[in-house]
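The values are calculated or read from the model by the stated rules, or taken from the named source; none is laboratory data. Computed from a predicted model, the values in this text were never measured in an experiment. Cβ placement follows ideal geometry from the backbone for every residue including glycine, while neighbour counts extend to all protein chains displayed.
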Amino acid sequence: MNTTAQSKIDTHSVMYITKRPEIMFVEGHGSWLVDDHGKKYLDFLQGWAVNCLGHSNPGIIEALDAQARKVINPSPAFYNQPMIELANLLTSHSCFNKVFFANSGAEANEGAIKLARKWGKLHKNHAYEIITFNHSFHGRTLATMSASGKEGWDTMFAPQVPGFPKAELNDLASVEKLITDKTVAVMLEPVQGEGGVIPASHEFMRDLRALTKKNNILLIVDEVQAGCGRTGKLFAHQLYDITPDIMTLGKGIGGGVPLAALLATDEVACFEPGDQGGTYNGNPLMTAVGCSVINQLIAPGFLEEVQAKGAYLRELLLKLSYELGLDGERGEGLLRALKLKSDIGPEIVERARNLEPIGLLLNSPRPNLLRFMPALNISREELKQMVDMLKEIIQSIK
């Protein structure tokens, strides 16, 4: 398997926060990226599930161009047309009544934490604890890192923000034993993405909703990664036929631009002036893109195609797993994982990226696992091409 020697990229001014390969991308279309040497890569990362409609989506480009020629940011102190249009789109297709726009999933989750605590102050005698889950990921602010159940994060940037006891996903008893008079909410990802693409079971989500209602505590669904069509439903909790109290969105809602949202029912939306804000929040340039994204997702047949392609990818991965003696796959829609049986994930990622003449971009959130987050409008041919390339790589390692 050949590799290409890349010339050094001068990155001395960029703060070091992660190990990056010596690749600089300059162009992208659909499921493909092109680097500064002209090499093409089949992209199954899509910005960590951000580019839900692929690279250079025509609808997004049109929305950006048209809105940039009108007004970009008149200030969050005023309404703007795309803000109102996107808020109405989201509430008319969900169980929620109110929307607060933000710039990132972490900011939306931070807002959800604040809103739940404000509600607890008003309605539950200052209850403030939010039960979250081991292996969860809610963002990189201090509060959302504290809420996350990512291994090792309990000691980074100590002391943590208190008030986030951890339960086990799909274990209702582990939630129930943590409920006290200080508990205001339970917060979870319907599919734990960074944790290894672990879906909540239908029984667990149904029983969790019943448990929270019984104890008069809020249910918060973090759909930053699993929302906006990723699972084949517009919102992931719709897979379970439940109605949460608060939902957060990010990544896919902007299709590649910084946009996120915090949604709540009328009964929970208790922010008062001064409680929440943000200089860029709800700006018309980003919300115009959000309108384009949501309108494309709800177009007739689009989500049904995501479900069909998710089933096709599942079929391909199960066949690959059987042929190579792996441990199967899991996920929902087009958020899926292949269980590798051994810790070869990072090696697969590197070999895939260095394939010639075409590279493949993959992710290994755990050493024994690969995660797939393709564009929702990817073709079946591209899904098959990825699995064929992956098979060759795994065979070369084994």
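Summary of computed values
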item: Tally of residues being more than 28 Å from residue 339 (Cα to Cα), assigned to a helix (DSSP H, G or I) and of a type in the set (A, V, I, L, M, F, W, C) across segment 187-221; result: 2
item: Options 102, 63: the member that is of a type in the set (Gly, Ala, Ser), in contact with a helix residue (DSSP H, G or I) (Cβ under 6 Å, 6 or more places away or on another chain) and outside the structural domain of residue 292 (by TED's automatic domain parsing); result: 63
item: Subset of segment 140-150 [within 15 Å of residue 108 (Cα to Cα) and assigned to a loop (DSSP other than H, G, I, E, B)]; result: 140, 141, 148
item: Pairs with Cβ under 7 Å, 6+ apart, first in segment 238-261 and closer than 12 Å to residue 96 by Cα and among the aliphatic types (A, V, I, L, M), second part of a loop (DSSP other than H, G, I, E, B) and at pLDDT 95 or above; result: 246/268; 247/96; 247/223; 247/235
item: Residues located in segment 296-338, provided they are touching a Gly at 6+ places or on another chain (Cβ under 7 Å), outside any strand (DSSP E or B) and on the phi < 0 side of the Ramachandran plot; result: 296, 297, 303, 306, 307, 310, 318, 321, 334
item: Unmet requirement for residue 153, which otherwise passes all of (1) outside any helix (DSSP H, G or I); (2) exposed (fewer than 14 other Cβ atoms within 10 Å of the Cβ); result: (2)
item: Residues that are part of a loop (DSSP other than H, G, I, E, B) and in contact with a helix residue (DSSP H, G or I) (Cβ under 9 Å, 6 or more places away or on another chain), drawn from segment 49-60; result: 50, 51, 52, 53, 54, 57
item: Counted residues, segment 279-295 - those being surrounded by fewer than 23 Cβ atoms within 10 Å (Cβ to Cβ), of a type outside the set (S, T, N, Q) and outside any helix (DSSP H, G or I); result: 1
item: Residue check for residue 397: modelled with pLDDT of 95 or more and either touching a helix residue (DSSP H, G or I) at 6+ places or on another chain (Cβ under 8 Å) or assigned by TED's automatic domain parsing to the domain that holds residue 39 (or both); result: no
item: Residue within segment 107-114 that is under 20 Å from residue 254 (Cβ atoms), hydrophobic (A, V, I, L, M, F, W, C) and either in the same structural domain as residue 165 (by TED's automatic domain parsing) or crowded, with 20+ Cβ neighbours inside 10 Å (or both) present; result: yes
